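Quick notes on the structure that follows.
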């Protein structure tokens, strides 16, 4: 009789574990749908460690799960351009992101963090590499095996509970088998090398009449990458980011 009771207990524990795993997967899928409905993409996640020094979720305790939110190709562009923020002059994309993600976080019981709030700034690139098979490209932008350089990370959601999620894929960095590395030779002013990005050369070029093509068609180095061409941003989105990039650096003090 005791052994029979023990077996029933173990079977019940197995059933509860399986149910908890199923509910965890369902929550991840529910979050993915909610993020997609808001115009963004769920870009994987990871279980944080104490060394991450993440803030606690108010009223709930320490973060047990970090989920990354971002953009893949032109996916978020329609949602953003249809928003009231798109017509404002100061940081419209960041303002839209903050509103949309904060509403999501409130609905999901999460704490939102953003890469554009600081200093100090959260290490979004390091987090991204823990969540997805991305790695630094020769020009510094994280490259994805499918999306190439046409993606971005816009926010993170911190949850006080452990959420079951798909394991991070292990995939090779496309740059490791790219022999020509056209991204390093496409820049008209040679702003990119194997070891550095000469940002002032870039800014001077795109601020001059000679930089019309870069401003209209996007960074020549980024556009030279053959990976993820199907996810290339549309022309309007490219011009928006180029203008935002130029304004940001033109506002910086000399030497800043």
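The values are calculated or read from the model by the stated rules, or taken from the named source; none is laboratory data. Predicted, not measured: the structure shown is a model, and the values here were computed from it. Glycine gets a Cβ as well: all are built from the backbone with ideal geometry, and neighbour counts include every protein chain shown.
Of note:
- From 54, 67, residue being touching a helix residue (DSSP H, G or I) at 6+ places or on another chain (Cβ under 7 Å) and outside any helix (DSSP H, G or I): 67
- For residue 163, the requirement of being surrounded by 16 or more Cβ atoms within 10 Å (Cβ to Cβ) and at pLDDT below 95 is met.
- Members of region 202-214 found to be loosely packed, with under 14 Cβ neighbours inside 10 Å and either part of a helix (DSSP H, G or I) or in contact with a helix residue (DSSP H, G or I) (Cβ under 9 Å, 6 or more places away or on another chain) (or both), listed by number: 207, 209, 210, 212, 213
- Flag if residue 140 is in contact (Cβ under 8 Å) with a residue 12 or more places away in the chain, at positive phi and in contact with a helix residue (DSSP H, G or I) (Cβ under 6 Å, 6 or more places away or on another chain): no
- Residue within region 134-148 that is assigned to a helix (DSSP H, G or I) and surrounded by 15 or more Cβ atoms within 10 Å (Cβ to Cβ) present: no
- Conditions (1) within 15 Å of the chain's Cα centre (by Cα); (2) buried (at least 20 other Cβ atoms within 10 Å of the Cβ); (3) part of a helix (DSSP H, G or I); number of the one not met by residue 98: (2)
- Set 253, 188: member being on the phi < 0 side of the Ramachandran plot, modelled with pLDDT of 95 or more, more than 20 Å from the chain's Cα centre (by Cα) and not in a helix (DSSP H, G or I): 188
- Flag for residue 217 being in contact (Cβ under 8 Å) with a residue 60 or more places away in the chain, under 30 Å from residue 92 (Cα atoms) and surrounded by fewer than 17 Cβ atoms within 10 Å (Cβ to Cβ): no
- Selection from region 109-129 of residues that are part of a helix (DSSP H, G or I) and surrounded by fewer than 18 Cβ atoms within 10 Å (Cβ to Cβ): 125, 126, 129
- Residue 96 vs. criteria without any contact (Cβ under 8 Å) to a residue 40 or more places away in the chain and not assigned by TED's automatic domain parsing to the domain that holds residue 238: yes
- Residue 63, sole failed condition from (1) in contact with a strand residue (DSSP E or B) (Cβ under 7 Å, 6 or more places away or on another chain); (2) under 23 Å from residue 142 (Cα atoms): (2)
- For region 177-185, the criterion of a residue being touching a residue at least 24 places away in the same chain (Cβ under 8 Å), out of contact with any helix residue (DSSP H, G or I) (no Cβ under 9 Å at 6 or more places or on another chain) and either surrounded by fewer than 21 Cβ atoms within 10 Å (Cβ to Cβ) or in the same structural domain as residue 116 (by TED's automatic domain parsing) (or both) is satisfied by at least one position.
Yes/no matrix, rows are residues, columns are (1) over 24 Å from residue 230 (Cβ atoms); (2) in contact with a strand residue (DSSP E or B) (Cβ under 7 Å, 6 or more places away or on another chain):
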| residue | (1), (2) |
| --- | --- |
| 43 | no, yes |
| 56 | yes, no |
| 77 | no, no |
| 105 | yes, yes |
